[in-house]
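Worksheet for the structure shown next.
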Amino acid sequence: MLPVPDEGCRWEVNRKRIHSPAVTLSLCRPEINSDELISVDLVPALEVHSQGCWPLAVCNGPDVDKWLGKKVRLEIKSLPCYLIPKRLKGRNLSEDAKESWRISFSHVEKQIIRSHGNKKTCCESKATKCCRKQCLMLLKSLIEGLKQRFPNELDHLCSYHGKTAFLHTLSIRFDDSMWACQELPACFLNLLRNLQFHVRTGLLPHFFVPDYNLFSAAVFPKKTLAFLFNALEEQRREGLPLLKPPAPLPLLRLMSPSGDNTSQISSDQSSILTAVCSLDTAFVNKLVLVFAVAVVCILLRMQVMGN
Ligand SMILES: [Zn+2]
C-alpha cells in the first residue's frame with residue numbers, strides 16, 4: 001500500500017489504457033476537489049527465476065561476447081526475467097492474442113548501460129571517461145524532438161528503437177577507445193548512421209530476441225519507416241536543428257550594440273556542440289524533476305514514520 005502525506009489525501013487508480021501495461025495512480029485531495037497532486041505509473045510484472053534458462057526465444061542471451069565478455073553474458077542469463085501483460089495492437093485479435101505477455105529486459109538494459117565498458121575501468125575516473133551515455137541521451141533527445149514535430153507521422157516510433165540501435169552499436173564498436181569523450185560528435189554521428197541503416201533496411205532485431213524485428217511491417221508501417229528515413233536525412237543535412245538550444249533571448253543581443261559577436265550565442269557553433277548544450281538543459285530539467293520526486297518521497301516516508 002502506498003503511503004499518503006495526510007488523511008485528506010488518497011490514491012486513485014486511473015482507468016487503464018488497453019494497450020499500455022502501466023497502471024497510473026493519482027494522489028488526490030478529494031475534500032477540496034483538487035486536481036491530482038502527483039501521479040505514478042506502475043507496471044505490474046511477474047518475476048520468473050529461470051536458473052540460467054530464459055524462454056526459448058531468448059535462450060542464448062544477448063550478443064555481448066566481444067563487448068562485455070562471455071562471463072557477463074552468462075551472468076546476465078542467470079538474472080530473473082519479467083513478464084508484463086501487454087496486449088498486441090491491431091483489430092480482430094484472437095482470445096489468445098488478447099492475453100499476450102511481453103518479456104521485459106529493462107533491468108538488464110539498465111545494468112549493461114551502467115557497466116558499459118569493454119574494460120572494467122571505463123568511466124571510473126575522469127581519465128577513463130567515455131561518451132557512450134551522452135550518445136544515447138542525444139539520440140533519445142532527437143527521437144523525442146522528431147516525435148514532437150511529427151506526432152502523427154511518427155506515432156509508431158519510440159525511444160526503445162533508439163536504445164536498441166544503441167545496444168547493437170555498442171556490441172559492434174565494443175572497444176572503450178572508440179568512445180573517447182573528445183570523439184562525441186563522431187561517435188554520435190556514427191550511432192545516427194547505424195540507426196538510419198536499420199531504418200533503410202527495415203531490419204532492427206530486438207537486442208535480446210534477435211528473431212523479432214522491431215521494424216517489421218506488421219509492427220512498424222513501411223510508410224512510417226520511409227518518413228522516418230527522410231526526417232533523419234533532413235536532420236543530418238541541416239546540422240541536427242532539433243538538437244540545437246532555443247534561440248537566444250533578444251535581450252542578449254541588445255546588450256551588445258557594438259556588434260560584438262562573442263555575446264551572440266551559438267548560431268555558428270557546430271551542431272553537435274550545441275546539441276550537447278541542449279542536452280545539458282534537458283538533463284538539468286530532468287534532475288530538477290528527479291529531485292522534486294525525491295523530496296515528495298521523503299515527505300511521504302516521514303509522514304508514515306510519524307504515524
Ligand atoms: Zn564509459
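A few points about this structure:
- Any hit, region 82-99, residues being within 16 Å of the ligand (Cβ to nearest atom) and modelled with pLDDT of 85 or more: no
- Qualifying residue in region 78-99 (condition: hydrophobic (A, V, I, L, M, F, W, C) and closer than 20 Å to SER159 by Cα): yes
- Some residue of region 100-113 being closer than 13 Å to PRO62 by Cβ, within 16 Å of the ligand (Cβ to nearest atom) and of a type in the set (A, V, I, L, M): yes
- Cross-chain or 6+ apart pairs with Cβ under 8 Å, region 69-90 first and buried (at least 17 other Cβ atoms within 10 Å of the Cβ), then among the hydroxyl-bearing types (Ser, Thr, Tyr): CYS81/SER50; CYS81/SER104; TYR82/SER104; TYR82/SER106; ARG87/SER100
- Scan region 91-105 for residues that are touching a residue at least 40 places away in the same chain (Cβ under 8 Å) and closer than 17 Å to ALA218 by Cβ and the total you get is 1.
- Restricting attention to region 125-146 and to residues that are among the charged types (D, E, K, R), within 30 Å of LEU225 (Cβ to Cβ) and out of contact with any Phe, Trp or Tyr (no Cβ under 8 Å at 6 or more places or on another chain), the residue that is nearest to the ligand (Cβ to nearest atom) turns out to be LYS133.
- Unmet requirement for HIS168, which otherwise passes all of (1) in a helix (DSSP H, G or I); (2) at pLDDT below 95: (2)
The values are calculated or read from the model by the stated rules, or taken from the named source; none is laboratory data. This structure is a prediction, so every number in the text was calculated from the model and none was measured. Because the Cβ atoms are built from the backbone with ideal geometry, glycine has one as well, and the counts that use them run over all protein chains shown.
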